[in-house]
Structure formats: C-alpha cells, structure tokens
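Below is one structure, written out as structure tokens; the observations come after it.
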Amino acid sequence: MVRLSHFLVTVVAAVTVALAGAAPPAGAKSYAKDPVVVADGLNNPRGLAFGPDASLYIAEAGQGGTRCRKDQCVGLTGSIARLKDGRLTRVASGLVSVADKAGDFAVGADDVAVDADGHLFTVITSAGPRTPSFVPALARAQVGRVLRIYQSGRLRPLARVDRFEFAHNPDGGEVDSNPYGIAASPGHQFVTDAAGNTLLHVVGGHTKLLAVFPDAARRADSVPTVVRIGPDHALYVGELSGERAPNGRARIWRLIAGGTPKVYASGFSRITGLAFGRDGSLFVSEFSTNFRKQDPAGRIVRVARDGKRTIIGAGKLFFPAGLAVEPDGAVYVSNWSALPGRPATAGPFAGKNGQVLRFDP
C-alpha cells in the first residue's frame, strides 16, 4: 500500500528540478479558448461537483496548521467552497488539514459529492488506527470519516470508513488507510481508500466492501483516488497508480453494484479526477503526464463514447485534480491543486496558488 501524501512529497522534489522546463507536447489538441480563472486563492483545491442549482462545490484540503511533528503540520484549515454566479463562499470550514510547513501538498477533505437531492458530502483522510497526540481534539472527530455538510455549515459524521481497513485489510498488504474520493446517491456514499486500494460503500452509517483493486504494475499499488457515478448508474474509479508505476499504467474501472470491477479504459498517468459530459464523454485529469521524467505538467483527456481521445489543457495545467462539466461542455478543473491560496514568494512555486479554471468548448 502507499499513502498518497508519501507520493506527493516525492513529486515536490521532482518539480523543483523540472517546473521551469515544462512545455506542451507537440501536436497536442485543446479546447479553442485559453482557460478562464473562475476561482483563485484556494487552499489545495481538489474535488469538484455541481449541485442541482448549478452551484460548483470545491473541496479544499487546506494548508495544514500550527501543530507540527517533523515536517507535517496539522490544523483545521480545510473547507468546502461554493461558486455560484461568480461569487465564492465557504459553506463549511474548520476541516482537518495536514500539510508541510509551507502549506503545500495537503491532505484532508480531498473530494466533495452532491447527491440528486442536493445533499452535500465530503470524506476526511485517516490519522491511522491510533490518532497521534499532536492532532487537535476537534480534528479527532473528523479523521477517517464521511461527513454530511449542511448549508448552515454544520457537520454530521456518518461513518468511520478507515476502520474497515484497520479491521479487515482487504488487499492483504500493509495496514494503511487514506479515504480520498467520494460519490453519492440518495442514501448511499461511495468512497475510494487510496492507501487501502479499495472501494467502500456507506449506507445507514455502515461500511461495506465493494471492490479491491489489483496492482497497477509490479510493486506499484492501484491507489484509487476518485469515484464517480456514470450516466449508466455504474461506478467509475480512477487510480493514481503507485510511484513505481511507469507512465500510462493508470486505469479507469467500471463497477455495477454487486459485480466485479472491469477495466473501462487504460493508458493514463496519475489520475486525479473524473467527470462525465452530457453526451456521455468521460473527462479524465492526469496529475502528471510524465512523472518519471520529472515533468510536473498535467492535462485533461476527453474520452468520447466511441473511444476517441482528445487532449485539453496541455501546457496550461499543473497538478490538476477535480473535474466538473457543464451541460454546454465547459470543463472546470482544479489547477495547482497541491498549493495553498497564498502565492509563494520564492522557490519553484513562486507566484502560484490553488485555483479553479474553466475551459470553454
């Protein structure tokens, strides 16, 4: 198993060398227009989801905090933001966040889901079977849990999903949990455990196992980061793939509840986001297209229903994460998803911060 935070720390070292030389691949296709910044100054923006009223919800993993152990700092700086009619508000704040001392590469509330009834959910990363003593008391009530978020900002814990890994260890490897991605339908939540390599189902506060994902490559875990419900009501799961995996080994799995997961599409690198368009096209965000060559640039791949692939945002996206698609085909994506809202003044990330972009068709 692999904790996603361990993988991201490795990426930081690579980016320090490669950021200045990143460039779009020759011949790459993109939407006709340059991206528009629709939200800026976000703290490690990750998953995106539209609500029934066309509000765009953004999971912010935060920027860590002031309680530190070695290079990892914890606090309650995570949030769920809502973008509506060009106005950004935080509908929930005070969520657990763990990051380095600069606030980079946080984990916490890494995804957001809205069900058909408009109910809002997130899932919080695990602190392990025994929560470290330096984790604040308020954070202990959130870690490893699916949370329902009310429009008032009130949080309601629904299930402690990381305990399933600690009790059962379905993939038989190292016991480790990192609840990361979430999707929801009325009365049901679906969670990817990126460290446990599993897909979990939460119903009535109880956690059940839906799938265990095999290694993406030799000595490289699956690391499932995102789950979405498709237009056919099946579950689609994208995987980051372990850091030893070569480029192009990340897969998208399709699963009908009660069935066995099957590979729907393959040949991707470091998947961090999935979204469906109205025409049935699947949009895939790749956190890094060539990590092994220390290339920090990411992109979006549109997979049409006939399997044809189109590249969006090559040379314009760095650390992309969550995706959401409007009915007209406009694509929203978290950019610089591993950076806090305040721009760095020096180093490889100087002048950069978390944001959400829109690519118009």
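Only the coordinates and a few stated rules stand behind these numbers; no lab work does. As the structure is a prediction and not an experimental result, all values here were calculated from the model. Don't worry about glycine lacking a Cβ; one is built from the backbone with ideal geometry, like all the others, and counts go over all protein chains shown.
In terms of packing, defined here as the mean over residues of other Cβ atoms within 10 angstrom, the peptides 134-143, 246-255 line up highest first as 246-255, 134-143.
Cross-link check: pairs K84/K316; K316/K352; K70/K101 evaluated at a Cα-Cα cut-off of 19 Å; pairs beyond the cut-off: K84/K316.
Computed per residue of the chain from DSSP H runs no shorter than four, each worth -39500 (n - 2.57), the mean residue ellipticity at 222 nm is -2000 deg cm²/dmol.
Please compute the modelled spin-label separation between H188 and V38, points set 7 Å along Cα→Cβ, answer in nm with one decimal. It works out to 2.8 nm between the two label points. For the chain, a simple Cβ point-charge model (Lys and Arg +1, Asp and Glu -1, everything else neutral) yields a dipole of about 300 debye relative to the Cα centre. Rounded, prolate or oblate: pick one for region 264-361, where a ≥ b ≥ c are the square roots of the eigenvalues of its C-alpha gyration tensor, a/c under 1.5 means rounded, and failing that, prolate if a/b is larger than b/c, else oblate. Cα axes put region 264-361 in the oblate bin.
Of the candidates T345, T272, T207, which one comes out as most mobile in a Gaussian network treatment of the chain with C-alpha springs shorter than 10 Å? Most flexible of the set in this elastic network: T345. Taking the charge dipole of the chain about its Cα centre, with +1 at Lys and Arg Cβ atoms and -1 at Asp and Glu Cβ atoms, the residue from G86, T66, V325 reaching farthest to the positive side is T66. Each Lys or Arg adds one and each Asp or Glu takes one away; over the other residues whose Cβ falls under 13 Å from the Cβ of I256, this sums to +1. Taking Rg/Rh (Cα atoms, Kirkwood Rh) as calculated from this structure, the corresponding entry among (1) 0.93; (2) 0.95; (3) 1.06 is (1). For K101 and R67, the difference between the fully extended length at 0.36 nm per residue and the C-alpha to C-alpha distance is 11.3 nm.
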